[in-house]
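Participant: A single structure is presented below for examination.
The values are calculated or read from the model by the stated rules, or taken from the named source; none is laboratory data. Everything numeric in this text was worked out from a predicted model, so none of it was measured. We place every Cβ from the backbone using ideal geometry, glycine too, and count neighbours over all the protein chains shown.
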Amino acid sequence: MFDNSIIDFFVLLAFLLVLSFILEFIWFKIFASRNYQLWLFPGVMVHEFSHAIGCLLVGSKIEEISLFSQKGSYVKHRKPKIPFIGNIVISFAPIVGGIAFLWCLAEFLGIELLSSFDNVLDLASDFWVFSLENYREWNFLVFVYLVISVLISLAPSKQDFKNSFISLLVVFGFFFLLFKLGYFGLIENSISYAIDIITMGLFFGLIALVISLPIYIIKRFF
């Protein structure tokens, strides 16, 4: 059970990150660089403020938050008080923060989402019903724009991976040790909850991709 959960987690996470990079490529091609950055601003805000919330949760003092600069957007902070776990929380906070933001946004705008995220393969067919019921509503259009913006900014940056690489190795090693000692039940529920969050993110990503591809094709060929 635990082995399957771990595999599912990494496969779904990989799909989500790849989807984020694909969306970034598509919209960078659609817009000029300056317009692209302006259009992406909501997603940048969610990304960086998710980092900031992660800092607060693990006791890392925030020194500077920049949303627009020559170096790009970033959150400058000190070392977290919680070792190893702290770096992971800060680096990967935008994944949880972005998905949570979109979920709350859907509730606020009155967008009725799918009631079940258990099967990723069912999302493609269910999405068409979802979009056909909502595509004429202004709140759905606002929701789609913010979904695309946030999903593009969802993936951790190279610096995020660099900051958390050693911590990830240590934590994964600790989890593997627990598994070998027969204590995998302690983290199995956390893995299951993480899978639910990522699957929800894939649903949002599917919305973004289905909307983005036709725009990209029209821009490129017509």
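Participant: I'd like the residue in segment 151-177 that is out of contact with any Leu (no Cβ under 6 Å at 6 or more places or on another chain) and among the aliphatic types (A, V, I, L, M) and, out of all such residues, is farthest from Val96 (Cα to Cα). First the steps, then the outcome.
Facilitator: In the first step, residues of segment 151-177 are kept if they are out of contact with any Leu (no Cβ under 6 Å at 6 or more places or on another chain); the result is 153-154, 156-177.
Okay, now just the ones that are also among the aliphatic types (A, V, I, L, M), so 154, 166, 168-171, 177.
Numbers: Leu154: 9, Ile166: 21, Leu168: 17, Leu169: 20, Val170: 21, Val171: 18, Leu177: 26 Å.
By that ranking, first place goes to Leu177.
Participant: Take the residues in segment 1-43 that are more than 30 Å from Phe176 (Cα to Cα) and among the aliphatic types (A, V, I, L, M), then tell me which one is modelled with the lowest pLDDT. Even if it seems obvious, please write down each step before you answer.
Facilitator: Step one: of segment 1-43, the residues more than 30 Å from Phe176 (Cα to Cα) are 22-43.
Next, from what is left, pick out any that are among the aliphatic types (A, V, I, L, M): 22-23, 26, 30, 32, 38, 40.
Details: Ile22: 90, Leu23: 88, Ile26: 87, Ile30: 81, Ala32: 62, Leu38: 77, Leu40: 83.
Filtering first and then ranking leaves Ala32.
Yes or no, residue by residue, for (1) at pLDDT 80 or above; (2) assigned to a helix (DSSP H, G or I):
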| residue | (1), (2) |
| --- | --- |
| Glu64 | yes, no |
| Ser69 | no, no |
| Lys76 | yes, no |
| Lys79 | yes, no |
| Ile82 | yes, no |
| Phe92 | yes, yes |
| Ile95 | yes, yes |
| Trp103 | yes, yes |
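Participant: Okay, moving on. Taking the condition at pLDDT 75 or above, among the basic types (Lys, Arg) and either under 16 Å from Val44 (Cα atoms) or surrounded by fewer than 14 Cβ atoms within 10 Å (Cβ to Cβ) (or both), does Lys180 pass? Reasoning before the result, please.
Facilitator: Values: at pLDDT 75 or above: no; among the basic types (Lys, Arg): yes; either under 16 Å from Val44 (Cα atoms) or surrounded by fewer than 14 Cβ atoms within 10 Å (Cβ to Cβ) (or both): yes.
So Lys180 fails the test.
Participant: Tell me the residue from Leu141, Leu168, Leu154, Leu146 that is outside any loop (DSSP other than H, G, I, E, B), within 26 Å of Glu24 (Cβ to Cβ) and under 16 Å from the mean Cα position of the chain (by Cα), please.
Facilitator: Leu146
Participant: While we're looking at this one, here's another question. Can you confirm whether Glu107 is surrounded by fewer than 17 Cβ atoms within 10 Å (Cβ to Cβ), modelled with pLDDT of 85 or more and not aliphatic (A, V, I, L, M)?
Facilitator: Working: surrounded by fewer than 17 Cβ atoms within 10 Å (Cβ to Cβ): yes; modelled with pLDDT of 85 or more: no; not aliphatic (A, V, I, L, M): yes.
Judged against the criteria, Glu107 is not a match.
Participant: Now, a different point. Only residues in segment 154-176 that are under 19 Å from Pro94 (Cα atoms) and in contact (Cβ under 8 Å) with a residue 12 or more places away in the chain count as the first member; pair them with residues that are among the charged types (D, E, K, R) and surrounded by 13 or more Cβ atoms within 10 Å (Cβ to Cβ), Cβ under 9 angstrom, at least 6 apart or cross-chain, and list the lot.
Facilitator: Pairs that qualify, where the first residue is under 19 Å from Pro94 (Cα atoms) and in contact (Cβ under 8 Å) with a residue 12 or more places away in the chain and the partner is among the charged types (D, E, K, R) and surrounded by 13 or more Cβ atoms within 10 Å (Cβ to Cβ), are Ala155/Glu24.
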